[in-house]
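Below is one structure, written out as structure tokens; the observations come after it.
The values are calculated or read from the model by the stated rules, or taken from the named source; none is laboratory data. Values in this document were obtained by computation on a predicted structure and should not be read as measured data. Note that each Cβ is placed from the backbone with ideal geometry, even for glycine, and that neighbours are counted across all protein chains shown. Remember, those area values only see protein heavy atoms, side chains included, never the ligands or the DNA or RNA. Shrake-Rupley method; radii C 1.70, N 1.55, O 1.52, S 1.80 Å.
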Amino acid sequence: MNRVDGADDRYVVGVDYGTLSGRALVVRVGDGAELGTAVHEYGDGVISTALPGGRALPPDWALQNPQDYRDVLRYAVPAAVSAAGVDPAAVVGIGIDFTACTVLPTLADGTPLCETPELRDRPHAWVKLWKHHAAQPHADRINALAHERAEPWIGRYGGKISAEWQYAKGLQILEEDPEVYDRAERFIEAADWIVWQLCGAETRNVCTAGYKGILQDGHYPSESFLTALNPDFGDFVAKLDGPLLPLGARAGVLTAQAAAWTGLPEGIAVAVGNVDAHVTAASAQAVEPGRLVAIMGTSTCHVVNGAEVAEVAGMCGVVDGGISPGAWGYEAGQSGVGDIFGWFVKHAAPAGIDSHERLTELAASQPVGGHGLIALDWWNGNRSLLVNHDLSGMIVGMTLATRPQDIYRALLESTAYGTRMIIEAFVDAGVPVNDLVIAGGLTSNELLMQIYADVTKRPLNIIASAQGPALGSAIHAAVAAGEFPSIHEASRAMGRVHEAVYRPDPERARAYDALYAEYRALHDHFGRGGNDVMLRLRAIRNAAVEAATTTHEAPLEVVA
């Protein structure tokens, strides 16, 4: 990498924990230059069919092994520092971000329950990854009771909390394995848990506490609400509550043990944990209101700051200081984006064109609407606006003339329609969305980016870093280390974005309006009760798979 180090240069490390791997990035404080990076793949990846010991898992489960997270510190961080060629003694801070809501039950000292020998074969003792969707029935009960009791917080989450969040997953543990629930002295986001491992201090960040832990106006849901769900659920807040710190704050300093893992100096600043999407706003120079950041990877998370608080139907939430201090941070998301495209390439595209590059090339030659298809982007459920992970994907309009590239383009377009639904919900509620900054691995697909510009009718800016979350974590580390007085100043100095790389074409945008109208009609029919066939089919599938697993030693593979 091209760089010139000065004798007084200082560096920070950002660590981005994704769904399948963790990435470490070394960044120069003065200008945000990215000097070295390294990736460590999780040894157990996503545990979805059986525990490492062989115990089969039901449908819609997604677990992880916390040791994989420690291994990122042990392998990726030293490798990144080595690749950067900097003196580790010049590193002044480390920050991390994580997928969310990814949570785990632990003992009071932070030991994960799955690392206690007697609980290792109990599924509920393991980390529940963000896309663990088996708690949907528990989320449905939480939402129904919240509306029945007119709980004041439910409107801040668009009227529904998600099956992915802390309360649904906690209630599932209680009701399916009460012994594990009782043994859990803490129930903690993975972001906060790995910070605990780094600095030896238990903290909670305002981002995950607000968006995933239903902390609003200084209060969690009441004990009376929780006991109305289940008489034994009243102590849940005590398990997940902890010292709450704002984003950019110092959670503590690097312990001797963590220094040995990472090769970094003992005593450097450890920033408060954060969510991978929200931390990216700093690297995208999008901490001011009106600029929406879409972090596009396996899924997409949409975050935008607003000057005022508003309740937006179907959103993941609005949190004071949830993205950056001094603003109301809004979050929405799509549970499947890159995962959908990857599914088609892996399982449906014929040999010879079974690559993203070839399918994109073929799809790019089509006029808008030339394939005659509309798809619904619910292959991994719907996070926003419907907040229902039992929904599934659909393609309408296929004929004997339909080609693989037609389907592929329809899938690309479906995710753009889903993003437009989210943007329009924000705007209708009074939250401005002036332009978009796109981050994540999908920015390299020029066809996809132009489709998003045309469908949303907004210019697309592209983050200048290929490692937006890791850079964002490094920016927060610089603030925690005292290098900048606030995230806003650090973002201006260290963040980078290419402005208006893609602009909407008026003719294509008009053509997409007609297709988007059809998407909305299908969205509302199948997602708002016009026909619940998707829910019935999933129930039939789950019953069949569960019956089969009781008569087979090997678990059946289920594609959610």
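The packing ranking of peptides 396-405, 229-238, 312-321, highest mean first, is 312-321, 229-238, 396-405, where packing means the average number of other beta carbon atoms within 10 angstrom of each residue. Label sites at Glu185 and Ala108, each approximated as a point 7 angstrom past Cα along Cα to Cβ, lie 0.4 nm apart. Percent of Cα pairs in the range 290-447 per distance bin of 10 Å, from zero to the largest separation: 11, 37, 32, 15, 5, 0. Dipole of the chain computed with +1 at Lys/Arg Cβ and -1 at Asp/Glu Cβ about the Cα centre; of Asn230, Gly342, Leu198, farthest Cα towards the positive end is Gly342. Residues in the range 19-164 average 31 Å² of solvent-accessible surface per residue, probe 1.4 Å, ligands and nucleic acids excluded. Distances between placed amide hydrogens fall under 5 Å for Ser21 paired with Tyr42, all partners being 5 or more residues away or on another chain.
What does a probe at Thr116 reach in the range 176-196, counting residues whose amide N is under 13 Å from the point 7 Å along Cα→Cβ? So the set is 178-187. Helical content of the chain, expressed as a calculated mean residue ellipticity at 222 nm, amounts to -11000 deg cm²/dmol (DSSP H runs of 4 or more residues, -39,500 (n - 2.57) each, divided by residue number, nearest 500).
How large, in percent, is the carbon and sulfur part of the accessible surface of the chain at a probe radius of 1.4 Å?
C and S fraction of accessible area: 52 percent.
Amide H contacts of Leu57 (H built 1.01 Å from N, in plane; Pro and chain starts excluded): Ala50, Leu51 sit under 5 Å, all sequence-distant by 5 or more or on other chains. Rounded to the nearest Hz, the phi-derived 3J(HN,Hα) couplings of the range 309-324 under the Karplus curve 6.51 cos²θ - 1.76 cosθ + 1.60 (θ = phi - 60°) are 8, 9, 9, 10, 4, x, 7, 6, x, 10, 9, 5, x, x, 10, 8, where x marks glycine and proline. Listed by chain and number, the lysines whose alpha-carbon sits under 24 Å from that of Lys131, ignoring those within fewer than 8 places in the same chain, are Lys160, Lys169, Lys212, Lys239, Lys346.
Computed 3J(HN,Hα) for the range 21-37, one whole-Hz value per residue from the Karplus formula 6.51 cos²θ - 1.76 cosθ + 1.60 where θ = phi - 60°, is 7, x, 10, 10, 9, 9, 10, 7, 5, x, 9, x, 4, 8, 9, x, 9, glycine and proline marked x. Ranked by the mean number of other Cβ atoms within 10 Å of their residues, highest first, the peptides 181-193, 214-226, 416-428 come out as 181-193, 416-428, 214-226. The spacing between the range 378-436 and the range 339-356, judged by their C-alpha centroids, is 19 Å.
Taking 0.36 nm per residue of separation and subtracting the current Cα-Cα distance, fully stretching the chain between Ser222 and Ser486 would add 91.7 nm.
Calculated FRET efficiency, Asp435 to Leu535, Cβ-Cβ distance, R0 = 51 Å: about 0.90 to the nearest 0.05.
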